Amino acid sequence: MTIPVEQVRPLIDGQFARVLVICLGSGLSMYLLTSVIPLYLAANGSASIGPGLATGAMMLSAVAVELLVPRILARWGYRIVLGLGLVLMGAPALLLLTTSSLPIVVLVCVIRGAGLAINVVAGVALIADLAPAHRRGEALGLYGVIVGIPAVAGLPLGVYLTGVISFDALFVIAAAVALVVLIAATGIADRTSTEAPHVKVLGGLRGSGLLMPSFVFAAVTLAAGISVTFLPLAAGNHSLAATALLLQAVTTP
């Protein structure tokens, strides 16, 4: 008697791999400039309030837009939303080629923060939809590891490259990294999120016991944002700052 063997679908299929590519491209574009934009502002006469304002605007934009992404996904679907996130991440960086005006740079940071929020939330939601229910934790864990790679590599690399190439060249690289992976977004299945569009994010935190850990995570994120903004400015030496950012990236929870 032959016992049929259930075929196990691989966790990483074409759709899953495309999401990981989008995650890498979006994250690398983001982190390449996270510590570089404060340096750019300081080098162009906005050292007093410019660096903190730019980073703060980016972080606030990301937090605000994250709350809207579930509704956007329910309306437009993953392909369009992920593509939008990549465009918002990449295209505004090219504006920095034309001006160092503080209001424009802050606007660029706000738009890029929105792009980051869209791709992070939509990426997590799509991974959860793609993975079999019994392997969802494994899939999200793998996604979390991949998300961390651009943070570890991009922060120090961006600061290091400012001592090797021009700011303009770095802005082009950051834009290209995000826009090139639009190719991956075109292959995402045209589907909408299975999550209810009216889910209340803050209400979910209150009811799940995650409210206090969320406050702790927010505090750690705020501290990290301060350090990635002002550490390169204080260090002076770009190689030293890049080393310090690498150490921070691998030790921050």
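Things worth noting here:
- Hey, I118 part of a helix (DSSP H, G or I), over 20 Å from Y31 (Cβ atoms), free of Cβ contacts under 8 Å to residues at least 60 places away in the same chain and of a type in the set (V, I, T) or not: no
- Annotation: G123 fulfils all but one of (1) among the small types (G, A, S); (2) crowded, with 20+ Cβ neighbours inside 10 Å; (3) more than 17 Å from A174 (Cα to Cα); (4) modelled with pLDDT of 90 or more; the unmet one is (4).
- Selection count where residues are at pLDDT 50 or above, surrounded by fewer than 17 Cβ atoms within 10 Å (Cβ to Cβ), of a type in the set (V, I, T) and part of a helix (DSSP H, G or I), scope segment 174-211: 3
- Scanning segment 130-144 for residues that are surrounded by fewer than 18 Cβ atoms within 10 Å (Cβ to Cβ) and touching a residue at least 60 places away in the same chain (Cβ under 8 Å) yields a count of 4.
- Odd one out for P10, checked against (1) assigned to a helix (DSSP H, G or I); (2) out of contact with any Ser or Thr (no Cβ under 8 Å at 6 or more places or on another chain); (3) modelled with pLDDT under 90: (1)
- Any hit, segment 145-166, residues being buried (at least 20 other Cβ atoms within 10 Å of the Cβ), under 17 Å from the mean Cα position of the chain (by Cα), more than 30 Å from L41 (Cα to Cα) and modelled with pLDDT of 85 or more: no
The values are calculated or read from the model by the stated rules, or taken from the named source; none is laboratory data. As the structure is a computational prediction, the values presented were derived from the model and not from experiment. No Cβ is skipped: glycine too gets one built from the backbone with ideal geometry, and neighbour counts run over all protein chains shown.
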